[in-house]
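**Student:** Handing you this structure, nothing more for now.
Taken together, the values in this text are just the output of simple stated rules run on the coordinates, not laboratory data. Everything quoted here is computed from the prediction, not taken from an experiment. Heads up, the Cβs are rebuilt from the backbone with ideal geometry, glycines too, and the neighbour counts pull from every protein chain shown.
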Amino acid sequence: MIEYENLGKLNQPFEDAYKAVFERVQKSGWFVLGKEVKYFEEEFAKYCGVSECIGVANGLDALVIALRVLELEQGSEVIVPSNTYIATILAIVQAGLKPVLAEPDINTYNIDPNTIRKAITSKTKAIMPVHLYGKCCDMEAIMSIAKEYNLFLIEDAAQAHGAKQNGKSVGSFGHLSAFSFYPTKNLGALGDAGAVTTNDEAFASKVRMFRNYGSSKKYYNEVVGYNSRLDELQAALLSEKLKALDSINEHKRKLADIYHSGLRNDFIKPVRAKEFFDVYHIYNIRHEKRDELKAFLLKNEIGSDIHYPVAPVNQQAMKGILNEKSTPIAEEIHRTTLSLPISYFHTEQDIEKVVKVMNSF
């Protein structure tokens, strides 16, 4: 069986290093907001090409806190892609703001700058592009729009650690950027973890305050904050894996090459462009008979997944929030998309077998 994902196998190369990390952290007796978190924050900031990184408990908290520090008027509009994972939209709602859906480009699956411009109103205060599946959005175009309309820009970089546009890394384009280190990510922890990056020192100070009960001085609380702190153990594990992130990304790019050159053309493959460095957190194809294809692969002992089966506008939780909006491009993507195996533990031979089976469908 070629599994879609296996987190035990994925983390096996780091096993010895992780054991040493656990022993070091356990012996230190310091488990929350200590030197391990500080070290990871410094290293990940360098990796992203920014001055500030603040570790938080998970990717959703990273998004919510990034929005909260902007201190926008309640009900202000935030433009977000209509095909994103629900967390992006939940963050906007939980921050007391209004999500406004903009359709993606059917080829890249990322938010289309042209639809952003059409969605702007007098109430629009921010744009939240999502670097979906490991491909950087067209941030140069989006930054231009944000500047023209004087809008805040918050990147959802949860799926794109190391992705770039013209050599510039995700997490360095926006006023603030949010990362998730959920275990399946290219840079994944052994549990929930997240971070906010920024080049703005004042925003960074506010994020630190919000993550720690709204306090910048112990027992003195300035704002209504959260308990959302990246713990020492996860930070230390992430520091270890960060050393290998470029190798992880290159491995996944090699596996993507096999899919790209080997799959029949009736499978709609991810587009590539010279200015974008894609890291393939997910390798998704589209096909009219997606569900039949998924069943066929399973019958041939190949796992797959769907990211995501339901468009945000059709989610039960979004009734009364998004349901007045028509999102045909997003719904077409959700109806036809299928994610193929592309983990760090997969071999080139694994992917060649997947290609062979798919081409016999």
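**Student:** Over 26 Å between C-alpha atoms is what I'm after, so list which of Lys294/Lys353; Lys147/Lys252; Lys125/Lys252; Lys254/Lys294; Lys19/Lys243 land there.
**Tutor:** In this structure, Lys147/Lys252; Lys125/Lys252 exceed 26 Å between Cα atoms.
**Student:** OK, next. Measure out, as a whole number of angstrom, how far apart the alpha-carbon centroids of the stretch 33-81 and the stretch 291-353 sit.
**Tutor:** Here the two parts' Cα centres lie 28 Å apart.
**Student:** A further question follows. Which of the aspartates and glutamates could a cross-linker bridge to Lys9, judged by Cα under 16 Å and excluding same-chain residues fewer than eight apart?
**Tutor:** Answer for Lys9, where 16 Å is the Cα cut-off: Glu348, Asp350, listed by chain and number.
**Student:** Ok, one more. Over the stretch 7-242, what is the mean sequence separation of C-alpha contacts under 8 Å (at least six apart), divided by residue count, expressed as relative contact order in percent?
**Tutor:** Contact order relative to length: 27 percent.
**Student:** Now for a separate question. Please give the contour-minus-distance gain from Lys319 to Glu140: 0.36 nm per residue of separation, less the Cα-Cα distance, rounded to one decimal in nm.
**Tutor:** 61.1 nm
**Student:** If the cut-off is a Cα-Cα distance under 13 Å, which aspartates and glutamates reach Lys289, setting aside same-chain residues fewer than 8 apart in sequence?
**Tutor:** Cα-Cα hits under 13 Å: Asp266, Glu332.
**Student:** Please give the per residue volume of the convex hull enclosing the alpha carbon atoms of the stretch 124-262, rounded to a whole number of Å³.
**Tutor:** Enclosed volume per residue, from the Cα hull, is 133 Å³.
**Student:** Multiplying the sequence separation of Asn265 and Lys353 by 0.36 nm and subtracting their Cα-Cα distance, what value in nm do you get?
**Tutor:** 30.0 nm
**Student:** Report the chymotrypsin sites (Phe, Trp or Tyr not before Pro) located in the stretch 192-297 that are in a DSSP loop and have at most 11 other Cβ atoms inside 10 Å of their Cβ, or state none.
**Tutor:** Loop-located and lightly packed - Tyr219.
**Student:** Another question about this same structure. Can you tell me the convex hull volume per residue for the stretch 275-322, based on C-alpha atoms, in Å³ to the nearest whole number?
**Tutor:** Once divided by residue count, the hull of the stretch 275-322 is 151 Å³.
**Student:** Determine, at each q value in 0.10, 0.15, 0.21 (inverse angstroms), the log₁₀ of I(q)/I(0) that the Debye formula gives when each Cα of the stretch 245-359 is one equal point scatterer.
**Tutor:** Results for the stretch 245-359 at q = 0.10, 0.15, 0.21 Å⁻¹ read -0.35, -0.72, -1.16.
**Student:** Would you kindly work out the equivalent ellipsoid of the stretch 229-305 from its C-alpha gyration tensor and give its semi-axes, the square roots of five times the eigenvalues, largest first in whole Å?
**Tutor:** Semi-axes from the Cα gyration tensor: 31, 18, 11 Å.
**Student:** Please enumerate, by chain and number, the lysines with C-alpha under 19 Å from the C-alpha of Lys319, excluding those fewer than 8 residues away in the same chain.
**Tutor:** Filter leaves Lys98.
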